[in-house]
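Structure, as structure tokens:
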Amino acid sequence: MYQVLTDSECDLPAAVLAAGNVAAISFHTKLGNQDLINDFGRSYDINEFYQKIRTGTMPTTTQVNIGEYVAFFKPYVERQQPIVYVGFSGGLSGSMSSAHQARAMLLETYPDADIRIVDTLAASGGEGLLVLQAIKLQQAGATLDQFVNWFDENKLRLQSWFTVDNLNYLYHGGRISRTSAALGTLLKVKPILDVDPDGKLRQVFKTRTRKKSLFELADKTLAAMQSDPDQPVIVTTSGDYAAAEVVKARIIETISTADVQIYPIGMTIASHTGFGCVAAFAMGDQLRN
């Protein structure tokens with residue numbers, strides 16, 4: 001049986017990954033003099049992190065290096081167990097490149113190893129939804145080839161919608177200009193972002209109030225759900241749980257049986273969005289473009 005692997009940026013609870021027999025590698029964040037590991041809250045309280053960035057602290061992030069991926073993959077390779085890494089978008093982090101380089105290094109020593117890498121082209125709960133699908137596929141008996149083929153054909157059906165409450169973090173992350181951040185803050189503009197086909201964040205349009213931005217997330221998600229109202233939906237937030245509940249409630253107003261889970265956004269994404277980011281994720285029937 002092949003082993004499904006992922007990383008901490010899927011934003012699923014550790015208990016969900018454990019129940020699905022999925023192992024995860026941790027990303028890193030530097031906050032002041034602290035080197036933090038995103039290990040699903042075992043070593044650091046994510047809500048404490050949110051409060052730090054709420055006061056204006058700017059964390060920095062680093063990609064997972066090749067050696068870390070080698071160490072992560074190697075135990076399975078040594079016991080000749082096939083692995084498939086379902087990972088954080090290569091359009092948002094160089095970590096995916098590190099994973100590919102680690103694979104190449106291991107194949108030099110273990111040429112018969114079966115190491116597959118799936119770039120989800122997603123982040124946060126979007127990656128999480130695809131990891132849930134990975135668990136479902138494996139439990140349904142999909143072969144490794146069938147597993148990878150499903151992702152090749154379907155991962156771009158994922159719909160991801162984000163809004164932020166502090167434009168300065170998007171500016172520091174290079175997503176918007178200084179002028180746009182300053183003017184948007186003055187006018188109380190709330191951007192709506194999605195993830196493009198290359199797995200990169202892009203600004204799609206703007207609204208003028210926080211409430212409207214949250215309703216937009218819900219409405220976009222509802223549109224994606226029409227083909228499968230019973231699918232799981234994930235809403236994530238970097239600390240504004242009340243806002244996340246607004247999105248959930250609006251979805252449930254329309255689809256009363258909707259399975260909507262709210263999870264905290266991991267430190268890597270939160271470092272680039274600031275406090276108060278809210279995101280919603282669902283699978284649609286069309287590939288995103």
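Angle check, please: helix 210-225 long axis (alpha carbons) against the longest principal axis of the chain (alpha carbons), in degrees 0 to 90, nearest 10. Rounded to the nearest ten degrees, it is 40. Of all DSSP-defined beta bridges confined to the chain, some 60% are antiparallel rather than parallel.
The trypsin sites (Lys or Arg not before Pro) of the stretch 39-116 meeting both criteria, a DSSP state outside H, G, I, E and B (loop) and at most 12 other C-beta atoms within 10 angstrom of the site's C-beta, are ARG42, ARG79. Counting only alpha carbon atoms, the long axis of helix 241-254 and the longest principal axis of the chain meet at about 90°. Helix 124-139 axis versus longest C-alpha principal axis of the chain: approximately 40°, rounded to the nearest ten.
Using a 1.4 Å probe over the heavy atoms of the protein chains, calculate the carbon and sulfur portion of the accessible area of the chain as a whole percent. Carbon and sulfur together cover 50 percent of it.
Accessible area per residue for the chain in Å², computed with a 1.4 Å probe and the full protein assembly in place, what is it?
Details: 12860 Å² over 289 residues.
For the chain, the per-residue accessible area is 44 Å².
Around the Cα centre of the chain, unit charges on the Cβ atoms of Lys, Arg, Asp and Glu (plus for the first two, minus for the last two) sum to a dipole of about 1180 debye.
The values are calculated or read from the model by the stated rules, or taken from the named source; none is laboratory data. Since we're looking at a predicted model, the values are computed, not measured. Reconstructed Cβ throughout: ideal geometry from the backbone, glycine too, with neighbour counts over all protein chains shown. Heavy atoms of the whole protein, side chains included, go into the accessibility calculation; ligands, DNA and RNA do not. Shrake-Rupley method; radii C 1.70, N 1.55, O 1.52, S 1.80 Å.
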